[in-house]
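The values are calculated or read from the model by the stated rules, or taken from the named source; none is laboratory data. These numbers were taken from a predicted model, which means no experiment stands behind them. Don't worry about glycine lacking a Cβ; one is built from the backbone with ideal geometry, like all the others, and counts go over all protein chains shown. Accessible surface is based on the protein model in full, side chains and every heavy atom, while ligands, DNA and RNA are left aside. Shrake-Rupley method; radii C 1.70, N 1.55, O 1.52, S 1.80 Å.
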Amino acid sequence: MRKVVKFGGSSLASAEQFKKVGAIISSDASRVYVVPSAPGKRDSKDTKVTDMLLHVYKTASEGKDISAEIEAIKARYNEIITGLGLEGFTLDQDFEEIANSLKTEPEKDYTASRGEYLNGKIMAAYLNIPFIDAKDVIFFNEDGKLNTYKTEKMLGAKLAENPRAVVPGFYGMGKNGKVKTFSRGGSDVTGSIVAQAGRVDVYENWTDVSGFLTADPRIVDNPEPIKYITYRELRELSYMGASVLHEDAIFPVRQVGIPINIRNTNIPTDEGTWIVESTAHKQEHVITGIAGKKDFCTVFISKAMMNSEIGFCRKVLQAFEDNNISVEHLPSGIDTMTVVVHEEEFMEKEQKVISGIHRLAAPDSIEIESGLALIAVVGRGMRSASGTAGKLCTALAQAGVNIKMIDQGSSELNIIIGVRNRDFEVATKAIYACFIG
């Protein structure tokens, strides 16, 4: 058994947190590859190191003095080094290189990546295992996307040489030979890439929560945790706003069947959530989870005999594509189709889109409605349970919520409900009470 363990910023924000992480790693010999994030907030008033680095980049880009800001960041790391008792270990040379880079040719990605880089060096020294610089083993194509082939080949070879190692998250090497970062939260992706290249058995992602919850705790009081969730279910929930794991982190491990275990650094005894390809574990409830977002807009298009007009839907969607607007959902009827889009993305271009639909598809009428919230009710258990949609509609009716739209995928994995923004919280609570209790 071999595992990759990734730790988030809150798990590595201080020397005290580092010690918790060290205890977690040392308690299980199978935890062989460690992917650290940059130090996060020590308390609610604190600043993440990555944000400090981005600010010093901005200062340097404006030609201003960065000495005080560099010293403040250095102090954060020295506090961790001192707290861990790492005598003789120093990051002085690294900070000198960072300062020189900012003064001569400031680069945003390089500067932002130093949080993980420096934390990785501390982690390697603390655990007394090799440090592998991510820029030497993770590569991007010219279009900014991950070069999967080269990364897997180079990283796989490096890991084969090192039975244990620390690989900092969040960055790699761009096609131009300079450091390039993933989007924020990209350390999750690095952990997944390391797990894939190392062909490990489990990818443990340690954060400050004990896995996924069945609903947003800001809306539902003490929602139940999810013990097992499939990649497909997670994709549906993540898309609709449930955020614990960077969604791009799913694909590398999914390709090779490696499960992900979301764990809590502060409560390491909690089993957390297992993200798997498939499972025989029976669900306690019909649904796995509920997630949603506000501020969608519907474009309702009607035309007599639409179903017999070949290419009608394509023509309508062409108007959205021409205006660079992504389409979220497409519920339809015989003579109607509804296009659901993000309100913010659509509003400025709405009249261009409407005129484009008229020009391309010649509909009888078009109606627009804004202020819509979408709620995804997700669960593999819905395939074998009858009456799920009926129970859902009844629960919302009893809560006084009017359903504006309902859309169920052919996979029977999820049901999308559209309600007014003002009914979003009430609807979420009603669905939770109906299916989970």
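The Cα center of the stretch 358-411 and the Cα center of the stretch 198-271 differ in position by 26 Å.
For the chain, the longest principal axis of the Cα atoms and the long axis of helix 67-83 meet at an angle of about 80 degrees. Only the Cβ atoms of Lys and Arg (+1) and of Asp and Glu (-1) were treated as charged; on that basis the dipole of the stretch 256-414 about its Cα centre amounts to roughly 340 debye. Debye-formula intensities of the stretch 333-391, expressed as log10 I(q)/I(0) at q = 0.20 Å⁻¹, are -0.88 (one equal scatterer per alpha-carbon, no solvent). Converting phi to 3J(HN,Hα) with the Karplus coefficients 6.51, -1.76 and 1.60 and the offset θ = phi - 60°, the stretch 375-391 yields 10, 9, 9, 10, x, 5, x, 5, 5, 9, 10, 8, x, 4, 5, x, 4 Hz in sequence order, with x at every glycine or proline. Summing charges over all other residues whose Cβ lies under 11 Å from the Cβ of ASP109, with Lys and Arg as +1 and Asp and Glu as -1, gives +4. When HIS246, HIS281 are compared by accessible area at a 1.4 angstrom probe, the order from most to least is HIS281, HIS246.
For the chain, the longest principal axis of the C-alpha atoms and the axis of helix 108-127 are separated by about 60°. Of the residues VAL341, PRO363, THR394, the one whose Cα sits farthest towards the positive end of the charge dipole of the stretch 341-437 is THR394 (charges of +1 on Lys and Arg Cβ, -1 on Asp and Glu Cβ, taken about the Cα centre).
Using the 1.4 Å probe convention, the accessible area of the chain works out to 46 Å² per residue with neighbouring protein chains retained. Taking Cα atoms, how many degrees apart are the long axis of helix 92-104 and the longest axis of the chain, rounded to 10 and kept between 0 and 90? For helix 92-104, the angle is close to 60 degrees.
Ordered from largest to smallest accessible area (heavy atoms of protein chains, 1.4 Å probe), the residues ILE219, ILE25 come out as ILE219, ILE25. Residues whose amide H falls under 5 Å from that of LYS180, counting only those 5 or more places apart or on a different chain, are GLY172, MET173, GLY174, with hydrogens built in the peptide plane. Could you tell me which of PHE140, PRO106, VAL200 has its Cα farthest along the dipole of the stretch 79-224 towards the positive end, charges placed at Cβ (Lys, Arg +1; Asp, Glu -1), taken about the Cα centre? Of PHE140, PRO106, VAL200, it is PHE140. The figure for LYS294 is an accessible area of roughly 90 square angstrom, using a 1.4 Å probe on the protein chains alone. Near THR47: Cβ cut-off under 12 Å, other residues only, Lys/Arg at +1 and Asp/Glu at -1. The net charge is +1. In the assembled protein chains, ILE406 presents an accessible area of approximately 80 Å² (probe radius 1.4 Å).
Taking the accessible area of the chain, probe 1.4 Å, and keeping the other protein chains in place, the carbon and sulfur fraction comes to 48%. Take 188-194, 299-305 and order them by the average number of nearby Cβ atoms within 10 Å per residue, most first; the result is 188-194, 299-305. In the context of the full protein assembly, ARG254 retains an accessible surface of approximately 90 Å², using a probe radius of 1.4 Å and ignoring ligands and nucleic acids. Cβ-Cβ distance of ALA68 and GLU284, R₀ of 56 Å, FRET efficiency by 1/(1 + (r/R0)^6): the value works out to about 0.55.
Our coupling estimate for the stretch 306-322, obtained by passing each phi through the Karplus curve with A = 6.51, B = -1.76, C = 1.60 and θ = phi - 60°, is 4, 5, 9, 8, 5, x, 4, 4, 4, 5, 4, 5, 4, 5, 6, 5, 4 Hz, Gly and Pro reported as x.
Could you work out Rg/(2.2 N^0.38 Å) for the stretch 100-139, with Rg from alpha carbons only? Don't jump to the answer; show the numbers that get you there.
On the way: Rg = 12.0 Å, N = 40, 2.2 N^0.38 = 8.9 Å.
It is 1.35.
Within the shell of other residues whose beta carbon sits under 14 angstrom from the beta carbon of PHE89, the net charge comes to -2, with Lys and Arg scored +1 and Asp and Glu -1.
Using helices alone, I'd like the mean residue ellipticity at 222 nm for the chain: each DSSP H run of four-plus residues gives -39500 (n - 2.57), total over residue count, nearest 500. Let's see the in-between values first.
Values: 14 runs with 167 residues, N = 437.
Counting only the DSSP helices, I get -12000 deg cm²/dmol.
Judged by the mean number of other Cβ atoms found within 10 Å, the most tightly packed of the peptides 200-211, 317-328 leads the ranking 200-211, 317-328.
Would you work out the charge dipole size for the stretch 161-308 about its Cα centre, treating the Cβ of every Lys and Arg as +1 and the Cβ of every Asp and Glu as -1, and quote it to the nearest 20 debye? Present the calculation step by step, with values, prior to reporting the outcome.
Working: 16 positive and 17 negative charges, 142 e Å.
Once rounded to the nearest 20, the dipole reads 680 debye.
Couplings 3J(HN,Hα) of the stretch 159-169, computed from phi: 5, 5, 7, 10, x, 9, 5, 10, 10, x, x Hz, in residue order, whole Hz [Karplus 6.51 cos²θ - 1.76 cosθ + 1.60, θ = phi - 60°; x for Gly and Pro]. Size descriptors for the chain (Cα atoms only): Rg and Dmax, in that order, 24.7, 79 Å. Projecting the Cα atoms of SER384, ASN119, GLY63 onto the charge dipole of the chain (Cβ charges, centred on the Cα centre) puts SER384 farthest toward the positive pole. Computed about the Cα centre, the dipole magnitude for the chain is approximately 760 debye when only Lys and Arg (+1) and Asp and Glu (-1) carry charge, each at its Cβ.
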